[in-house]
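Here is the structure we will look at.
The values are calculated or read from the model by the stated rules, or taken from the named source; none is laboratory data. Keep in mind it's a predicted model, so treat the numbers as computed, not measured. So basically every Cβ, Gly included, is an ideal-geometry build from the backbone, and we count neighbours across all protein chains shown. Just the protein is used for accessible areas: all its heavy atoms, side chains included, with ligands, DNA and RNA removed. Shrake-Rupley method; radii C 1.70, N 1.55, O 1.52, S 1.80 Å.
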Amino acid sequence: RDSVANWRQIGLGVMGIADMLIKMELPYDSDEAIQLCDEIGFKMADMAIFKSAYLADKYGSYPKYDSENVNKTQFYRTNTESDTVDVVADYGLRNSQLLTIAPTGTLSTMLGISGGIEPIYANSYTRKTESLHGKDVYYKVYTPIVDQYMKEHNLTDESELPDWFVTSSTIDPMKRIAMQATWQRHIDASISSTVNLPNEATVEDIEKLYMEAWKQGLKGLTIYRDGCKRSGILST
């Protein structure tokens, strides 16, 4: 209770990014998509900081607020317009932590959109649930945006989809790291994102991904290798 009161951490975030890129006809792993997400991430962070300062004016800063420490953080320096800097200087911040990309798997499935910043897993897949029935139950699921596009354009086979319909299995894993790193620059907490690798992925392949993630400043990374002993939440 004391920690919550002293720091007032919240976790604003996003989901549906992959669907947005598909609707804009941008492949998830393209330079244009990464640039767009960089711009969105900056705007989101800047506005979150601005609004936290606005709330600090109304209700006061969080008790542990230290302007000197905040001002020297890289997150704050790289994610604020001059107007936001002025407001924070005047009022402080209501929240010590503002943004995260949560694992929105169940919620996004309920809403029929892509989760967090994840690419679409597959055009169709099998989903496992344990909690609803007390045991593993599997469902055949068609990705809603794929289903919608195929119906609208009278497509009869997934192979007819345009090239901006990329999936977790077709994207270069290093591009997944690049996309997450882009978002991480604008997120002051952590990001939930799973890199899906084929069964033939080696220990060295995984080492390269983790090292690249570390070099790019990621706070965390999940890798799932197809065919491992523990079955994944999503599978084809």
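A few notes on this one:
- 5 Å binning of all Cα-Cα separations within the chain, expressed as whole percents from 0 upward: 1, 6, 12, 15, 16, 14, 12, 10, 7, 4, 2, 0
- Here the peptides 95-102, 120-127 are ranked by packing, the mean other Cβ count within 10 Å, and the order with the highest first is 95-102, 120-127.
- 0 to 90° range, to nearest 10: angle between helix 203-215 axis and the chain longest Cα axis: 30
- Whole-Å distance, taken between Cα centres, linking the range 120-143 and the range 1-69: 30
- Net charge, residue 201 excluded, C-beta distance under 14 Å - Lys, Arg +1, Asp, Glu -1: -3
- When each of the peptides 189-201, 205-217 is scored by the mean number of other C-beta atoms lying within 10 Å of its residues, the order from highest to lowest reads 189-201, 205-217.
- Rounded to 10°, Cα long-axis angle of helix 173-184 versus longest principal axis of the chain: 20
- Rounded D (µm²/s) - the range 84-185, Kirkwood Rh over Cα pairs, Stokes-Einstein at 4 °C, 1.567 mPa s: 76
- Helix-derived mean residue ellipticity, 222 nm - over the chain, DSSP H n ≥ 4, -39500 (n - 2.57), to 500: -13000 deg cm²/dmol
- Charge tally for residue 50 (other residues, Cβ to Cβ under 12 Å; Lys, Arg +1; Asp, Glu -1): -3.
- Between 0 and 90°, nearest 10: helix 82-91 axis offset from the chain longest Cα axis: 50
- Extension gain, residue 32 to residue 106, is 23.8 nm, computed as 0.36 nm per intervening residue step minus the present C-alpha separation.
- Extension gain for residue 130-residue 159 works out to 7.2 nm (0.36 nm per residue, less the C-alpha to C-alpha distance).
- Surface share of carbon and sulfur [accessible, 1.4 angstrom probe, percent] for the chain: 52
- Share, in percent, of DSSP beta bridges within the range 79-236 that are antiparallel, nearest 5: 60
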